Amino acid sequence: MSAAMNAWPHVERLSAMPIARRIEGLRDMERTVSLDVFQERAEFSRGHDDSWSLSSSITDLFVDYPDGKTSRANRAKHADLDPAAPRGTTLHDRVMKCFKEVRSPSDALPATLGGHGSRTKADGLGFDASRISGLADSSHKMVDPVIEVLAFFGLRILPMRGAGIEVGRSGTSNRFAARQRCWHFDTSQQPQGQHMVWPAWRQSLDDPGVDALLDQWSRLIERSARGRRVSRAEMSRLGIHAGWQTRCYIKRGDERTVGFASARMDLDARP
């Protein structure tokens, strides 16, 4: 609990993040990010404590020509964990909204981590899957803002990458060409083939330690995808005590709901 309380951000920190819509002296960063604006923000964020918020949101390693017109400005590629929202709302807009809903962190964090946190009317960031209702349910979306904010800071260990400067066209480009770390794609399970597999570990690690651990984890998961069993003994040697699989919510019809849900993996079972 003390670790969560110490990690809870201040409004000044959130307001100054590289992904903020407005930063003095820089061009606004809207939902659609041109490569020029991305470059400007990348230069600004060098040495910034929260530079990860930019690299975990978008990448310039996948160039998308809007509507297939190469004469128009190229735009950066958004991560899957930076889902679109109505009216051009940005990831930073949603983070700030959730943060402001937590008026007393000393009360809200223990309640949420104890399993009885308060919920508020909001779209959130997509991490709280329980906000998703049935097609016949007209109730308002309700999220736990503490879950949303803490999950957002978890993006620090999940940079957005591509395999180089890949050029595509909206609607026809390979949406799996650029992805965040730990995402995998199984063509045998379409349309639910895209999923993120991530571990939970015991030891306290710094950023390079987490980076090394996730490298080892990814190799084991790739081996598992080829049909080889990953045992608990192998996980234990890395300090990993559980694995989780996160899948995207599948849209139906014209709905705009975006979300993610996770289930614990059976580490001793073959895929």
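The values are calculated or read from the model by the stated rules, or taken from the named source; none is laboratory data. Just so you know, these numbers come straight off a predicted model, no measurement behind them. As a convention, Cβ positions derive from the backbone with ideal geometry for all residues, glycine included, and neighbour counts pool all protein chains shown.
The criterion of at least 2 residues that are exposed (fewer than 14 other Cβ atoms within 10 Å of the Cβ) is met by the following helices (runs of 4 or more DSSP H) wholly inside region 1-105: 2-7, 11-15, 35-45. Would you check if there is a residue in region 125-146 being modelled with pLDDT of 90 or more, surrounded by 15 or more Cβ atoms within 10 Å (Cβ to Cβ), within 22 Å of the chain's Cα centre (by Cα) and in a helix (DSSP H, G or I)? Scanning region 125-146 turns up at least one residue that is modelled with pLDDT of 90 or more, surrounded by 15 or more Cβ atoms within 10 Å (Cβ to Cβ), within 22 Å of the chain's Cα centre (by Cα) and in a helix (DSSP H, G or I).
Listed by first and then second residue, the pairs linking a residue in region 86-105 that is without any contact (Cβ under 8 Å) to a residue 60 or more places away in the chain to a residue that is of a type in the set (S, T, N, Q) and outside any helix (DSSP H, G or I), with Cβ atoms under 8 Å apart and 6 or more places separating them unless they lie on different chains, are G88/T32; E101/T120.
Note on region 178-198: among residues that are touching a Phe, Trp or Tyr at 6+ places or on another chain (Cβ under 7 Å) and either closer than 24 Å to M5 by Cβ or among the aromatic types (F, W, Y) (or both), the one that is modelled with the highest pLDDT is W198. For the residues R156, R202, R175, the requirement of being at pLDDT 90 or above, among the charged types (D, E, K, R), under 17 Å from L81 (Cβ atoms) and surrounded by fewer than 16 Cβ atoms within 10 Å (Cβ to Cβ) singles out R156. Among the residues of region 239-253, the one identified as at pLDDT below 85, surrounded by 15 or more Cβ atoms within 10 Å (Cβ to Cβ) and either assigned to a helix (DSSP H, G or I) or among the hydrophobic types (A, V, I, L, M, F, W, C) (or both) is C248.
Checking each residue of region 219-238 against the condition of being at pLDDT below 85, part of a loop (DSSP other than H, G, I, E, B) and among the small types (G, A, S) gives at least one match.
Return the total of residues in region 108-120 being over 11 Å from V146 (Cα atoms) and either at pLDDT 90 or above or under 21 Å from the mean Cα position of the chain (by Cα) (or both). Residues that pass the stated criteria total 1.
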